[in-house]
Amino acid sequence: MFSSTWNFIKRHKRKFIFAGAVVGGVYFLGKYAQRKIREIQEREANEYIAQARRQFHFESNQRTCNMTVLSMLPSLKEAIVTQLNSESLTALLKTKPANKLEIWEDLKIISFTRTIVAVYSTCMLVVLLRIQLNIIGGYLYLDNSANKNTMAPLAPPDVQQQYLSSIQHLLGNGLIELMTVVKKAVQNSLESVSLKQSLSLLELEQQISWIRAEVEGSERPMSWYMLADDQEALADQACGLTENDVMTIRLLNETRDLLDSPDFTTVLHTCMNRGFSRLLDNLATFFRSPSVESDPNAAPESLSAVSLPLAKIIPIINGQINTICSETPSHFVQDLLLNDQVKEFAASVYETFSMPQELQK
């Protein structure tokens, strides 16, 4: 029996060797496949964790952006009111001066100027801080993800402070230049309009549109008011030639590149349109007839149904800055902070600057 078995094995030896090789190959191939699958799963898990961490950091950064905007609105309002002080004019009017008409004319120009400047500058503040804080946020993500022993930080605290201080241009020289341009446009549009002339909301909207067309149609881009334009000013903001100062200048130049991009122009224009639309919504509440106010179910009136003398519109316009530049979240500011295009733009900036540099090349 054993001899017959042995003879069978000898006759089919090659088949047994081949089968053994196949079985062994399949075994090792299976082990190799398992190892590769494990590696892929681990890599995907690490990528998922990294992506989740970056998403969490981005969302936290956007909340910081929102809080920073709200915290800076009182400073913006103070800067506008200091330069365009209508309160001193209204106080003079209460004294019944001889030049009452002249003071009213000044109040007309200043009231419209400061409200329109408030809309423009608030929109600029929202978008500029979105850019700056997402550049910083992207670099901080990289700093926190990198090996601290082998890589110098991309955004040290001193650099962050120097870089973010560049916002003072918008609150200082940039704002003053913006006021000058807006005031000239307001004068061109409203100087010939009598205080006794009645305007409907539609006519008021047309006046604001003419002012916007002159301001936004000038040779100087709107971004000029947001960040110092020339290299010397950028270097002055960095205050020297230390390593941190060089980093700050790099951040400022990167910001300037973004301000010159078509995407930024589109986002800022969207914000301005939304801001002026919200301003008109606020003004519309003062153009309701008594019948509509007494009957909430009444059909809405057309934009030209109710008219008010310009002298009555001026105090309404003058008070809008308290809503526009309010540190308490208002519909005006929320419309800007929650705008989808602003969010998408912020995400694009963060994505760009939170990507390792070797992947950007």
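The values are calculated or read from the model by the stated rules, or taken from the named source; none is laboratory data. Not measured: the values here are computed from a predicted model. Quick reminder, even Gly has a Cβ in these numbers, built from the backbone with ideal geometry, and neighbours come from all protein chains shown. Surface accessibility is based on the protein's heavy atoms, side chains included, excluding ligands, DNA and RNA. Shrake-Rupley method; radii C 1.70, N 1.55, O 1.52, S 1.80 Å.
Over the stretch 92-139, give the accessible area per residue in Å² for a 1.4 Å probe, as an integer. Mind showing how you got there, number by number?
Numbers: 1410 Å² over 48 residues.
Per residue, the stretch 92-139 has an accessible area of 29 Å².
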- Interchain or sequence-distant (5+) residues whose placed amide H lies within less than 5 Å of the amide H of V306 are L201
- Task: Kindly give Rg over Rh for the stretch 117-191, based on alpha-carbon atoms, with the Kirkwood expression for the hydrodynamic radius.
- Result: 1.23
- Query: In the stretch 78-219, if every C-alpha pair distance is counted and binned at 10 Å from zero, what percent goes to each bin?
  - Reply: 10, 29, 25, 16, 11, 7, 2, 0
- Calculate one ³J(HN,Hα) per residue across the stretch 113-122 by plugging θ = phi - 60° into the Karplus curve 6.51 cos²θ - 1.76 cosθ + 1.60, and present them in order as whole Hz with x for glycine and proline. 4, 6, 5, 5, 4, 4, 5, 4, 5, 5
- Item | Distance (nanometres) between label positions extended 7 Å along Cα→Cβ at S198 and T180 | 4.1 nm
- Message: Could you report the accessible area of T180 in Å², rounded to 10, computed with a 1.4 Å probe on the protein chains as they sit in the structure?
- Response: 80 Å²
- Query: Residue by residue through the stretch 75-80, which ³J(HN,Hα) values in whole Hz follow from phi under the Karplus form 6.51 cos²θ - 1.76 cosθ + 1.60 (θ = phi - 60°), with glycine and proline marked x?
  - Reply: 5, 5, 4, 4, 5, 5
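Counting only protein heavy atoms, what percent of the accessible surface of the stretch 51-128 is carbon or sulfur at a 1.4 Å probe? The partial results should precede the final answer.
On the way: 2030 of 3550 Å².
Here it works out to 57 percent.
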- With just the Cα atoms of the stretch 160-227, tell me how far they stretch along each of the three principal axes, in Å, largest first. 51, 22, 18
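If the limit is 30 Å between Cα atoms, which of K96/K183; K77/K100; K108/K343 go over it?
Beyond 30 Å: K108/K343.
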- Task: List, in order, the whole-Hz ³J(HN,Hα) value for each residue of the stretch 156-172 obtained from phi through the Karplus relation with A = 6.51, B = -1.76, C = 1.60 and θ = phi - 60°; use x for Gly and Pro.
- Result: x, x, 5, 5, 4, 5, 4, 5, 5, 5, 5, 4, 5, 5, 5, 8, x
